[in-house]
Amino acid sequence: MAGIVVVFDFDKTIIDVDSDNWVVDGLGATEEFERLLPTMPWNTVMDTMMGVLHARGKTLDDVAGVLRAAPIDPHVVAAIKACYALGCDLRILSDANRFFIETILDHHGLRGYFSEINTNPSRVDGADGRLRIAPYHDFHAGPHGCGLGICPPNMCKGQVLDRIRASAGADKRFIYLGDGRGDYCPSLRLSQDDFMMPRKGFPVWELICENPALLKAEVHPWSDGEEMEETLLRLVGRVLVEESKLLPLDCKLESMPGVAVQDGLPMPLRIKN
Ligand SMILES: [Mg+2]
């Protein structure tokens, strides 16, 4: 297995929309959502909105149906499958929630490619079938303690990334992909051997551009699924070559089982269905 851990944000990174907004808009509750947003943390709003939708007669199946229609770029799907086939350890780190993420991944047959989904927990209330969404960090018990001042109260992705690194093993190299303000804290915690892939023109990219010297990791921006796939596979290929240290890209990768080289990019021959 390659010594690469690829950490994906979910909303506007794996899927091309924000799943929270997608569900609220798709079930016709945008007005109520916007009314609540200034009054409580986003995570709490989403739990409240699930109650509002439930009271309006929307079932869990209605929520799942909207989630299954969320757009995902085929290049992103291809990138996930290629990284997996090349031996990368794929993880999700998202401020959405487990039900939304698993519903979408299951629909696209992608769940098995990820070794871990780090997100806000969700559960279905057995009595009435209402979805409950809880914070990743229980901020009612106390603050998560990140001093950056950007992370939402329910999730500091930087702290979660530190935990992932501790569990993955010391010699792993990380590639982190994200778009939002919450992805900035983990980008600051990446090392000089890691790679940050911010979505160009999105909040994390703008924060990085304010002072690029604060990041130790190399920064490789991307705009859309096609550019994400190309950039991610190029970086994975580069790390694989650096790991081998002996042979040039084409020789080494072509000698690896299950890998071919096309246009200088490593391409898996066997894709899991
Ligand atoms: Mg996002």
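The values are calculated or read from the model by the stated rules, or taken from the named source; none is laboratory data. Just so it is clear, the structure is predicted and the values come from calculations on it, not from any experiment. Because the Cβ atoms are built from the backbone with ideal geometry, glycine has one as well, and the counts that use them run over all protein chains shown.
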Of (1) within 16 Å of the ligand (Cβ to nearest atom); (2) over 27 Å from MET50 (Cα atoms); (3) of a type in the set (Ser, Thr, Tyr), TYR136 satisfies all except one. Which?
(2)
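Taking the conditions exactly as written (at pLDDT below 75, closer than 22 Å to ASP89 by Cβ and either surrounded by 12 or more Cβ atoms within 10 Å (Cβ to Cβ) or among the basic types (Lys, Arg) (or both)), does MET197 satisfy them or not? If you could, list the steps in order and put the result at the bottom.
Working: at pLDDT below 75: no; closer than 22 Å to ASP89 by Cβ: yes; either surrounded by 12 or more Cβ atoms within 10 Å (Cβ to Cβ) or among the basic types (Lys, Arg) (or both): yes.
Spelling it out, it is not the case that MET197 is at pLDDT below 75, closer than 22 Å to ASP89 by Cβ and either surrounded by 12 or more Cβ atoms within 10 Å (Cβ to Cβ) or among the basic types (Lys, Arg) (or both).
If you take the residues in the range 215-233 that are within 20 Å of LEU93 (Cβ to Cβ), out of contact with any strand residue (DSSP E or B) (no Cβ under 7 Å at 6 or more places or on another chain) and in a helix (DSSP H, G or I), which one is farthest from the ligand (Cβ to nearest atom)? Let's see the steps before the verdict.
Just the residues of the range 215-233 that are within 20 Å of LEU93 (Cβ to Cβ), to begin with: 215-222, 225, 228-229, 231-232.
Subsequent filtering for residues that are out of contact with any strand residue (DSSP E or B) (no Cβ under 7 Å at 6 or more places or on another chain) retains 216, 225, 229.
Imposing the further condition that a residue be in a helix (DSSP H, G or I) reduces the set to 225, 229.
Numbers: GLY225: 14, GLU229: 17 Å.
It comes out as GLU229.
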Test SER167 against the criterion of being within 16 Å of the ligand (Cβ to nearest atom), in a helix (DSSP H, G or I), of a type in the set (Ser, Thr, Tyr) and within 19 Å of the chain's Cα centre (by Cα), and give yes or no.
no
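Within the range 1-107, which helices (runs of 4 or more DSSP H) (wholly inside it) include 1 or more residues that are farther than 30 Å from ASP194 by Cα, of a type in the set (A, V, I, L, M) and free of Cβ contacts under 8 Å to residues at least 40 places away in the same chain?
Working: elements: 19-26, 30-36, 42-55, 60-68, 74-85, 98-107.
Per the criteria, 19-26, 30-36, 42-55, 60-68.
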Sole exception among (1) in contact (Cβ under 8 Å) with a residue 60 or more places away in the chain; (2) in a strand (DSSP E or B) for LEU161, by number
(2)
Does the range 16-27 contain any residue that is farther than 26 Å from LYS172 by Cα, among the β-branched types (Val, Ile, Thr), within 16 Å of the ligand (Cβ to nearest atom) and out of contact with any Ser or Thr (no Cβ under 8 Å at 6 or more places or on another chain)?
yes
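Here is a yes/no grid of residues against (1) among the charged types (D, E, K, R); (2) more than 13 Å from the ligand (Cβ to nearest atom); (3) under 15 Å from the mean Cα position of the chain (by Cα):
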{"site": "PRO152", "(1), (2), (3)": "no, no, no"}
{"site": "ARG173", "(1), (2), (3)": "yes, yes, no"}
{"site": "PHE195", "(1), (2), (3)": "no, yes, yes"}
{"site": "ILE208", "(1), (2), (3)": "no, yes, no"}
Looking at ALA64, ALA29, ALA69, ALA82, can you tell me which residue is touching a helix residue (DSSP H, G or I) at 6+ places or on another chain (Cβ under 8 Å) and under 30 Å from ARG165 (Cα atoms)?
ALA82
